[in-house]
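Reading through the structure tokens given below for one structure.
The values are calculated or read from the model by the stated rules, or taken from the named source; none is laboratory data. Treat the numbers as computed from the prediction; the structure is a model and nothing was measured. Quick reminder, even Gly has a Cβ in these numbers, built from the backbone with ideal geometry, and neighbours come from all protein chains shown.
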Amino acid sequence: MAENRMLSGKTALVTGSTSGIGLGIAIKLAAQGANIVLNGFGDVEGPRALVAAQGVKVAYHGADMSKPAEIEAMMAYAVAEFGCVDIVVNNAGVQHVASVEDFPVEKWDAILAINLSSAFHTGRLALPAMRARNWGRIINLASVHGLVGSAQKSAYVAAKHGLIGLTKVSALETATTGITVNAICPGWVLTPLVQKQVDARAQNDGVDAAEAIRRLLGEKQPSMQFTTPEQLGDLAVFMCSPAGDNVRGVAWNVDGGWTAQ
Ligand code: NAD
């Protein structure tokens, strides 16, 4: 079944793919025939079954993306399992909301490590073999917060702006090769990461979840609709397709008009 599909024979490693956007992207890449290396915390068997249902091989490594030595072990594991890593999706990410003066130092360090430095580590480790094969895709899950700021999100906004910078530099360094490096910049997507912010909003404003969602979207996202992990997965598939061969260094927003304002 996997043999005739666009990404048959390729391996995609998706960090933070036990949940939300990463899982959505892993399923879409698998549907195109790519074997998948999952990563992330929490339940693994549910996500593994969803990806395996696409008729591909699935492996899992539980590297903590804040730890360079564990990232090195994960990349070595992926090569040992599948022979190479053709597609890296740097998706693992965490959020913490507080003003700069109240921001816990350990939260700042963790957000920078997980949301930004991890992509440097996977990239530096994956690029030599991609260059040797003259094909590769690195897709960085940035955010609208890589393009604009929001109060209370200093570490996240700094990390996502940095991730877009890393994307541009990596795209330039690979510009004459078959490797492309791009960023995807979603607005609100209703995943566990955002559900926490909906719950906090409902509690702070004394309203129900539906009203909290309406207020959250109403502030920033003109479409008044969440982007879905499936839509982001389809964009990742496009970036992996031949049509994406010369798409290099973009920060592609999928944000219901957030950054058009
Ligand atoms: P999520 O909380 O549903 O999933 C995050 C994933 O990262 C999980 O699999 C979790 O286990 C994993 N993870 C967290 N810390 C990790 C660590 N130290 N090591 C390894 N894995 C770790 O979140 P999501 O909303 O799907 O977010 C995915 C990415 O998309 C993040 O980078 C996030 O910043 C970005 N993003 C999300 C939204 C949104 O609205 N949800 C918007 C823009 C960007």
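If Ala209 satisfies every condition in (1) small (Gly, Ala, Ser); (2) in contact with an Asp or Glu (Cβ under 8 Å, 6 or more places away or on another chain); (3) within 19 Å of Ala142 (Cα to Cα) but one, which is the exception?
Of (1) small (Gly, Ala, Ser); (2) in contact with an Asp or Glu (Cβ under 8 Å, 6 or more places away or on another chain); (3) within 19 Å of Ala142 (Cα to Cα), only one is false for Ala209: (3).
When both residues are 6+ apart or on different chains and their Cβ atoms are under 7 Å apart, which pairs have a first residue that lies in the stretch 78-92 and is over 22 Å from Ala251 (Cβ atoms), and a second that is of a type in the set (Lys, Arg) and in a loop (DSSP other than H, G, I, E, B)?
Asp86/Lys10
Quick one: in the stretch 105-145, which of the residues that are assigned to a helix (DSSP H, G or I), without any contact (Cβ under 8 Å) to a residue 60 or more places away in the chain and β-branched (Val, Ile, Thr) is nearest to the ligand (Cβ to nearest atom)?
Ile114
Can you tell me which residue among Glu45, Glu81, Glu70, Glu101 is among the charged types (D, E, K, R), at pLDDT 95 or above, under 25 Å from Tyr156 (Cβ atoms) and away from the ligand (no atom under 13 Å from the Cβ)?
Within the list Glu45, Glu81, Glu70, Glu101, the selection yields Glu101.
Does any residue in the stretch 181-194 that is without any contact (Cβ under 8 Å) to a residue 60 or more places away in the chain come within less than 9 Å, Cβ to Cβ, of a residue that is assigned to a strand (DSSP E or B) and crowded, with 17+ Cβ neighbours inside 10 Å six or more places away or on a different chain, and which pairs are these?
Pairs that qualify, where the first residue is without any contact (Cβ under 8 Å) to a residue 60 or more places away in the chain and the partner is assigned to a strand (DSSP E or B) and crowded, with 17+ Cβ neighbours inside 10 Å, are Leu190/Thr227.
So which helices (runs of 4 or more DSSP H) stay within the stretch 1-88 end to end and still have 2 or more residues that are under 21 Å from Thr228 (Cα atoms) and assigned by TED's automatic domain parsing to the domain that holds Val237?
Qualifying helices (runs of 4 or more DSSP H): 20-31, 45-52.
Out of curiosity, is Lys57 within 14 Å of the ligand (Cβ to nearest atom) and not aromatic (Phe, Trp, Tyr)? Show your work before the answer.
On the way: within 14 Å of the ligand (Cβ to nearest atom): no; not aromatic (Phe, Trp, Tyr): yes.
So Lys57 does not fit the description; no.
State yes or no: is Ile164 under 13 Å from the mean Cα position of the chain (by Cα) and either modelled with pLDDT of 95 or more or within 11 Å of the ligand (Cβ to nearest atom) (or both)? Before you say what the answer is, go through the steps one by one.
Details: under 13 Å from the mean Cα position of the chain (by Cα): yes; either modelled with pLDDT of 95 or more or within 11 Å of the ligand (Cβ to nearest atom) (or both): yes.
Against the criterion (under 13 Å from the mean Cα position of the chain (by Cα) and either modelled with pLDDT of 95 or more or within 11 Å of the ligand (Cβ to nearest atom) (or both)), Ile164 qualifies.
Please work out which one of (1) in contact with a Leu (Cβ under 9 Å, 6 or more places away or on another chain); (2) on the phi > 0 side of the Ramachandran plot is the condition Gly162 fails and give its number.
(2)
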